[in-house]
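Below is one structure; the comments refer to it alone.
The values are calculated or read from the model by the stated rules, or taken from the named source; none is laboratory data. Bear in mind that the values here come from a model prediction, so they are computed numbers and not experimental data. In this analysis, Cβ positions are derived from the backbone assuming ideal geometry, glycine residues included, and neighbour counts consider all displayed protein chains.
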């Protein structure tokens, strides 16, 4: 079983910054510099590596932001024999890498 949260190809600054109080560094790759084709190729390569180094029949859970779900689906369709039916949606009150939701 694989659980992974690849980079979303979204710049960290302005999106994951704690309203300016906290500053995080960009990832080494896929932090907003890739166009749609490049990001799809990046995700495809990641999926190929995951599949190559996993047991047959293993389940892979990949998490992606809403902006790039199309690229993730395209990558997965090109690598995996089938996609399972299921979507998990996480509601975050703020994008800081913290808990999925916090009560008011």
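Structure summary
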| read-out | value |
| --- | --- |
| Any chance residue 73 is in a helix (DSSP H, G or I), at pLDDT 90 or above and farther than 14 Å from residue 3 by Cβ | yes |
| The listed residue being at pLDDT 70 or above, in contact with a helix residue (DSSP H, G or I) (Cβ under 7 Å, 6 or more places away or on another chain) and exposed (fewer than 12 other Cβ atoms within 10 Å of the Cβ), out of 49, 59, 83 | 83 |
| Unmet criterion (only one of (1) under 21 Å from residue 2 (Cβ atoms); (2) modelled with pLDDT under 85; (3) over 13 Å from the mean Cα position of the chain (by Cα)) for residue 97 | (3) |
| Test: residue 18 is at pLDDT below 70 and within 21 Å of residue 90 (Cα to Cα) | yes |
